[in-house]
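Have a look at the structure below before the remarks.
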Amino acid sequence: MSSRPHIRPVAALWPLIVLALFTLALTWPTVRHLGTHVVDRQDPLLNAWIMAWEAHQLLRDPLHLFQANIFYPYPYALAFSEILLSTTALVLPARWAGGAPILTYNLAFLLAFFTTALGGYLFALYLTGRRLAALVAAVAYAFSPYRFGHLSQVQLLAFGWLPLALLALDRLLSGRGPLRRNTVLLTVFFLLQALASFYSAIFAAVACALYALGLWIAQSGGTGFRSGRHGAGASCAERDRHVAARLETRLYAQVRMGAPPFRLRGREEQLRRIGALLVAGVVVVLVMLPFAWPYLQVQRELAAGWSLADNETFSASLQAYAYAPPQTRLWGPLTRGLAYIYAPCCPPDTLFPGLTLLALSAVALWRGRGRRRWLLLGFLAAGVLLSLGPTLHLRAGQPTGIHLPYGWLFAHVPGFNALRAPVRWAALVTFGLSLLAAWGVARLQGREGAARLVAPLLALTLVLLEFAAVPLRLVPAPAAPAVADWLARRPPTRIVELPLASELPTVPVPVGQPRRAWEVSRLLEHQLASTRHWDTTPDGYSGYIPAGHGDFAREMRGFPSARSVALLQGLGIEYVVLHQADLAAARREAIARRLPQFTALSVAAEVERATVLRVAPGVGARALSWSLVAPAQATAGRSLEAWLLVRADEIAAVAPTRRLVAEVAWGDDRAQRQPVRLPLIVEQVAVVALLVPTPATPGAQRLTVRVMEDGQPQGVLLQADVMMVEAPTPPSLRPVAVTLSEAEVPATARPGTSLPVWLSWRALQPLDHYASLSVRLVAADGGRVAQQDGPPGAGVGTVAWQPGEPYGTTWQLDVPPDLSAGTYTVQVLWYEPGTGQRALLWEGVDWNETLTVGAVQVGD
């Protein structure tokens with residue numbers, strides 16, 4: 001007859017029913033609005049799109065899972081945000097059965113809470129052998145204030161696989177159960193957690209490493225960490241004592257018979273466990289590599305990582321550990337004075353763990369037995385330390401200057417620089433506290449009768465009173481426009497929707513209310529609607545926005561224009577969808593006025609409040625030519641700024657993913673490589689700056705530059721002679737891609753009057769600095785007789801200029817009353833107001849520092 005304890009089905013099932021009911025109750029009224037409402041309209045819509053894309057692509061083309069339909073032509077667009085793959089897997093049947101993205105997202109939202117509660121429950125049951133104590137841990141872990149501060153981010157809610165991975169790891173290292181089964185379970189549960197998000201992959205790896213280290217230390221110092229089988233009620237300590245007695249008897253018998261000591265076989269068993277752990281690690285790496293590779297590529301090619309300053313901003317402070325969610329009935333009003341924000345984008349994290357968990361954890365540490373209870377304390381202490389980030393903050397935004405280990409980890413451990421918010425390490429804190437709380441409840445429970453119920457039911461009641469934040473505030477999800485169905489009836493193609501996602505009008509929100517801004521956000525409306533047709537677009541929204549997308553948005557503000565149409569043709573866009581109701585009246589009028597000028601644009605359809613324009617195909621890539629401008633003198637041993645000048649005979653569109661490098665060298669020295677980032681449009685000419693280190697030896701030096709693409713040279717070798725000197729050199733002339741589009745200068749003027757000069761300019765690429773213009777009336781001998789300085793555009797700074805659009809103003813030159821009669825010229829020059837550095841301006845054929853815009857005959 002089997003000696004295994006009999007587990008009653010009802011005893012195993014009722015906790016799952018209770019956890020499901022808790023999930024529905026504590027997230028109320030989500031279950032009533034599964035297909036229509038979300039907690040806000042930003043990250044939930046992004047995550048709904050991610051899960052819908054994965055469900056779509058896994059059936060259609062799983063090998064190109066990361067080639068999402070946003071931010072074309074950038075590859076791996078799915079890797080701009082979290083992957084959510086294991087969360088998507090839970091709702092794949094619903095999505096494949098025709099469930100709408102919002103419905104499947106809300107199902108995943110509820111399952112994230114339930115699976116987290118279930119994982120916490122099973123691990124706590126394994127540690128304590130008490131179902132009610134494990135139920136307290138499950139509720140405390142799944143519905144903690146930290147998690148309720150991240151309701152819109154399902155990637156931070158799905159942490160149910162981590163407890164199961166640690167449970168399998170504990171059984172594997174402790175020798176409980178079949179080694180092969182534990183290895184498989186550890187591998188599977190770790191992968192499920194790692195595929196929930198990039199954050200959880202890093203968290204799970206660190207958590208497993210810390211737990212394995214702590215378990216090894218605890219076991220080396222003796223056992224005593226209570227851990228019962230499900231329903232058995234027996235503790236790990238009791239089983240360990242029986243096992244130790246049997247091992248001692250067996251060892252004595254072997255010694256008497258002359259056999260080798262049994263501890264050698266124990267060492268072999270340890271090696272088998274270590275080998276199994278290594279096998280699990282190798283399998284995890286092999287499985288995760290195809291999913292991690294796109295993230296690594298995005299980080300390498302687009303510099304998508306975060307800086308230490310970003311980590312500093314989004315680190316926890318001790319103040320955060322005293323701040324509770326404002327919607328909680330008990331602690332919300334009491335801790336409202338500790339509210340803070342990280343930045344205008346982000347609400348505060350609510351890390352207050354509640355007094356009940358702290359008290360129960362203290363009981364566990366005080367009344368517990370065995371060294372292994374300190375493992376959980378070290379686990380949550382590591383979570384607190386990591387959540388504080390690079391520098392200790394007592395209050396948010398007020399660093400103490402005390403450096404913490406996170407800075408070293410950021411610099412030396414792969415993966416840490418891909419995390420923006422160290423505060424999210426608090427997930428380990430809530431996990432550790434919930435397990436200690438379960439242990440504390442188990443120590444307080446009576447052994448028989450009703451006394452066994454008092455402590456866990458009281459603890460559960462107090463936890464619910466501290467944590468409950470119902471009903472949740474929900475907002476309606478946006479409905480897809482009719483034009484999305486029109487697109488769905490056509491073959492897949494490339495589209496642009498105007499206004500772009502970042503330009504959609506929305507309700508103004510007071511500064512300092514980021515959560516309210518998320519509730520009215522419209523950034524994801526186009527993207528969510530694309531789940532109807534899955535057409536590709538250069539627009540989009542994600543956790544990371546490519547730097548080149550700002551240039552695309554800037555060019556499209558002038559639509560329709562020669563530049564924007566050339567860009568659309570260069571990207572292979574077939575349709576432009578104009579959402580008329582969302583376009584400002586002035587922009588609608590400008591589009592209607594300009595549209596007849598462009599034969600490449602034609603009306604394809606009128607669908608309710610949207611107009612669909614068809615874009616005729618372009619003629620293909622245009623040829624580019626290169627030249628080099630460098631200063632005549634430079635300071636030896638410093639860096640100089642040189643400029644690559646790119647010319648195109650006609651408007652040329654340049655793909656943002658085009659990778660060019662400049663090989664820069666002095667004389668015969670070894671060339672250094674620098675990336676060259678061209679603007680999306682080259683109209684006549686574009687300027688690309690190069691920062692070049694100079695030789696330390698004074699004297700004449702020759703600078704050589706070769707532009708390369710995929711190992712092939714683009715044009716001839718570019719050269720410039722530069723004299724190296726020891727003294728600091730003044731700023732050199734800087735070429736600026738600006739051209740004079742119109743000039744009106746009176747032919748005559750009288751002394752003592754004002755001479756009006758109208759000047760209009762066009763930027764040929766986005767400008768990155770402010771500029772001033774000097775307008776001068778110059779005599780034949782070069783002397784200035786009148787001058788006026790100021791910004792070249794009337795009320796619009798040069799950094800805000802729309803490339804291709806004219807900007808100008810009228811300048812009034814006061815002609816001196818005693819000025820001699822004769823012919824004078826009007827000359828202009830550009831300079832930076834801060835440094836006085838002058839600019840070279842493009843005249844259509846060549847560059848000049850001073851432009852002559854007209855001649856004036858002065859006389860009576």
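Scanning the stretch 829-860 for residues that are open to solvent by 50 Å² or more (accessible area, probe 1.4 Å) and hydrophobic (A, V, I, L, M, F, W, C) gives VAL845, ALA855. Residue check: ASP721 meets all listed conditions (1) open to solvent by less than 60 Å² (accessible area, probe 1.4 Å); (2) farther than 30 Å from PHE552 by Cα but one, namely (1).
Which residues, taken from the stretch 296-320, are part of a helix (DSSP H, G or I) and open to solvent by less than 40 Å² (accessible area, probe 1.4 Å)?
GLN297, VAL298, ASN311, ALA320
For the stretch 294-334, the set of residues classified as among the hydroxyl-bearing types (Ser, Thr, Tyr) and touching a helix residue (DSSP H, G or I) at 6+ places or on another chain (Cβ under 6 Å) consists of TYR295, SER315, TYR323, listed by residue number.
Taking the stretch 479-527 as the range and being closer than 18 Å to ALA100 by Cβ, open to solvent by less than 30 Å² (accessible area, probe 1.4 Å) and in a loop (DSSP other than H, G, I, E, B) as the test, only LEU524 passes. Just a yes or no: is a residue in the stretch 697-706 open to solvent by less than 20 Å² (accessible area, probe 1.4 Å), at pLDDT 90 or above and of a type in the set (A, V, I, L, M, F, W, C)? Yes, the stretch 697-706 contains a residue that is open to solvent by less than 20 Å² (accessible area, probe 1.4 Å), at pLDDT 90 or above and of a type in the set (A, V, I, L, M, F, W, C).
Scanning the stretch 811-823 for residues that are closer than 8 Å to LEU755 by Cα and not hydrophobic (A, V, I, L, M, F, W, C), we see that the one that is least open to solvent (accessible area, probe 1.4 Å) is GLN812.
Out of all the residues in the stretch 780-800, which are within 16 Å of TRP758 (Cα to Cα) and polar (S, T, N, Q)? If the condition is that a residue be within 16 Å of TRP758 (Cα to Cα) and polar (S, T, N, Q), then GLN787, GLN788 are the ones that fit.
For the residues LEU111, LEU24, LEU58, LEU90, the requirement of being in contact (Cβ under 8 Å) with a residue 60 or more places away in the chain, closer than 22 Å to ALA158 by Cα and in a helix (DSSP H, G or I) singles out LEU24. The set of residues from the stretch 177-226 being more than 28 Å from the chain's Cα centre (by Cα), open to solvent by less than 30 Å² (accessible area, probe 1.4 Å) and at pLDDT 90 or above comprises ASN182, THR183, LEU186, TYR211, ALA212. In this structure, is GLU466 touching a residue at least 12 places away in the same chain (Cβ under 8 Å), open to solvent by less than 80 Å² (accessible area, probe 1.4 Å) and closer than 30 Å to LEU360 by Cα? In short, yes.
A quick yes/no check of all residues on (1) at pLDDT 95 or above; (2) among the β-branched types (Val, Ile, Thr); (3) open to solvent by 20 Å² or more (accessible area, probe 1.4 Å):
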site: LEU103; (1), (2), (3): yes, no, yes
site: GLY119; (1), (2), (3): yes, no, no
site: THR128; (1), (2), (3): no, yes, no
site: SER152; (1), (2), (3): no, no, no
site: GLN155; (1), (2), (3): no, no, no
site: GLY175; (1), (2), (3): no, no, yes
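Residues of the stretch 542-563 that are among the aliphatic types (A, V, I, L, M), within 28 Å of the chain's Cα centre (by Cα) and assigned to a helix (DSSP H, G or I): ALA553, MET556.
In the set (1) basic (Lys, Arg); (2) buried (at least 19 other Cβ atoms within 10 Å of the Cβ); (3) at pLDDT below 90, the condition left unmet by ARG424 is number (3). The sole residue among VAL826, VAL796 that is surrounded by 12 or more Cβ atoms within 10 Å (Cβ to Cβ), farther than 28 Å from PRO631 by Cα, out of contact with any Pro (no Cβ under 8 Å at 6 or more places or on another chain) and not polar (S, T, N, Q) is VAL796. Flag: THR115 does not match the condition of being surrounded by fewer than 24 Cβ atoms within 10 Å (Cβ to Cβ), touching a Leu at 6+ places or on another chain (Cβ under 8 Å), of a type outside the set (A, V, I, L, M, F, W, C) and at pLDDT 95 or above.
The values are calculated or read from the model by the stated rules, or taken from the named source; none is laboratory data. In this text, all values refer to a predicted model and were calculated from it rather than measured experimentally. Because the Cβ atoms are built from the backbone with ideal geometry, glycine has one as well, and the counts that use them run over all protein chains shown. Keep in mind that these areas ignore ligands, DNA and RNA; they rest on the heavy atoms of the full protein, side chains included. Shrake-Rupley method; radii C 1.70, N 1.55, O 1.52, S 1.80 Å.
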